[in-house]
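> Here it is, the structure, as structure tokens.
The values are calculated or read from the model by the stated rules, or taken from the named source; none is laboratory data. If you're wondering where the values come from, they're calculated on a predicted model, not measured in any experiment. Heads up, the Cβs are rebuilt from the backbone with ideal geometry, glycines too, and the neighbour counts pull from every protein chain shown.
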Amino acid sequence: MPRRTGRQQDIKAPLRDSGSALLGALPWGTHVCQFYETRADLLDILVPYFSAGLKNNEFCLWITSAPLTPEAAEDALSRAVPGLAEYKRRGQLEIVPHVKWYAREGCFNINAVLRQSVRKEEWALANGYAGLRASGNAPLRGDSGLRAMLGYEQAIDNVIGARRALAVCSYPLGRCALPNLIEVLDTHEFAIIKSRGGWHKVAGGRRRSAAALSESEAKYRVFFEQSHDSILLLEMAPGGEPLISEMNPVALKTFGYSREEIIGKPVSILNADPGASRAITMGNQGKSGVSFVVRHKRKDGSVFTAEATGREIRVGGKLMAISVERDITERMKAEEELKRTCADLGTEKRLLEEKNIAFREALGAIEAEKNKMKDEIIVNVHTIVLPILKRMRLKSGAQRGHLDLLEKSLQTLVSSFGRKLTEKNLKLTPKEIEISNMVRAGLATKEIAGLLGASAQTVDKHRNNIRRKLGLANKDVNLVSFLQNL
């Protein structure tokens, strides 16, 4: 978007109170970046920044993302600004999550977000506010997310100088490699970073002259020395092996060298594999660089594996490369252990499946054997026992009644009656099951009493209990027919 004309002199006066002694008084059009590590770092700068804006009749826009929610931001600001609710009620303060600002259209569209920002400044002026005071903290999702954010920062930097606006852009220090830090810094007037317990101000690239380049590069050492990863600065000698130009404290400790021992040495001194130097050279080529894995050797001869990300830069006219590396030896061991565990679990799973198959086969065999035994019993009763009983009945008239009953009972045994009577949840006593069998055989109460040696009244009592347990009490259902139909 083109800059407005005829406003530069007006918007530069008066200076605006930043709320921070470190930032000082700022002219309209100032674009600052803040590198933070914790939520407390964010609040340390942004709470006084917005407090001053509200007190000086500026429209304040706070765009938040993790680790700071809109609710937490408002809570912190309310403790510093009495009557914050009134500022919100009259529309002087907006605190919004990043998704509602940077991805309102479903994705991050640089031009759309830029137009949105310009319209917000114009709205603030039209509604009587002195200008716009903003802060944005967007999450960095991979290299593509950072590229998009840097493009937006460049677009903001191109227009903010002609606007009644102040902007503080926040970046998580732990998620920005040194090459990315340099690019972020180059799109801002200056940066503030917390180091060794205090805040420091570092010149940026927007208004930095070529003469001040070497001085500003020296200040990058703040980032260089505070990084949690190993950082190697290599001089890319044309046609030769890269030379070690600088290493940060973490790298020196990781490799076990002092600075005096290692600076100026070829990078091959650190490599465990003959082809590693070429991998580093190829990995650092190009503006965006590439990630690669390399095996390094420490001073004591021990070997470790590192994941590296590098890119080429020019420093003082020299072609250099920055390689940011992290020891992943323990991570690789953990991954190998996880693979072994998964393989063991796979083996255990297969063994369990095989055992389950064998168990099901055994159950099937047992069931088949049970059915075979049942069939054999039925055949034996029909072919052996019943013929013998018939012959006994012909020869023994005195016990004919008992024999008849025994024959019917055996026939019942090979039928489903006995099983159904016992399987049903009827809770019949053994005596009641015996009488039920006699009733089913068609014996009258008197006959049953004679066979059992009991009175007819006792048999009738048992019959009544049987009807009750079968659910036939007070029903006009013939007990003999009911039992024969079971």
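> Tally the residues that are among the aliphatic types (A, V, I, L, M) and not in a helix (DSSP H, G or I), restricting the search to segment 107-135.
Let us first name the residues in segment 107-135 that are among the aliphatic types (A, V, I, L, M), namely 110, 112-114, 118, 124-126, 130, 132, 134.
Right, trim to not in a helix (DSSP H, G or I) and you get 130, 132, 134.
The number of residues fulfilling the criteria is 3.
> Right, here's the next one. If I filter segment 270-294 down to residues being in contact with a helix residue (DSSP H, G or I) (Cβ under 8 Å, 6 or more places away or on another chain) and crowded, with 16+ Cβ neighbours inside 10 Å, which single residue comes out as modelled with the highest pLDDT?
It comes out as Leu270.
> Also, I was wondering about something else. Condition first: surrounded by fewer than 16 Cβ atoms within 10 Å (Cβ to Cβ), part of a helix (DSSP H, G or I) and of a type outside the set (A, V, I, L, M). Now tell me which residues in segment 72-87 satisfy that.
Passing the criteria: Asp75, Ser78, Arg79, Glu86.
> Look through segment 9-65, keep the residues that are surrounded by fewer than 23 Cβ atoms within 10 Å (Cβ to Cβ) and of a type in the set (Asp, Glu), and return whichever of them is farthest from the chain's Cα centre (by Cα).
Asp10
> Of everything in segment 15-39, what is free of Cβ contacts under 8 Å to residues at least 24 places away in the same chain and either in contact with a helix residue (DSSP H, G or I) (Cβ under 7 Å, 6 or more places away or on another chain) or over 19 Å from Glu121 (Cα atoms) (or both)? Give them in sequence order.
Ala21, Gly24, Ala25
> Of the residues that make up segment 365-377, is at least one closer than 21 Å to Ile231 by Cβ and either more than 26 Å from the chain's Cα centre (by Cα) or at pLDDT 85 or above (or both)?
No, every residue in segment 365-377 fails to be closer than 21 Å to Ile231 by Cβ and either more than 26 Å from the chain's Cα centre (by Cα) or at pLDDT 85 or above (or both).
> Here's a follow-up. Go over the candidates Ser258, Ser245, Ser230 one by one and state the one that is crowded, with 20+ Cβ neighbours inside 10 Å and modelled with pLDDT of 85 or more.
Within the list Ser258, Ser245, Ser230, the selection yields Ser230.
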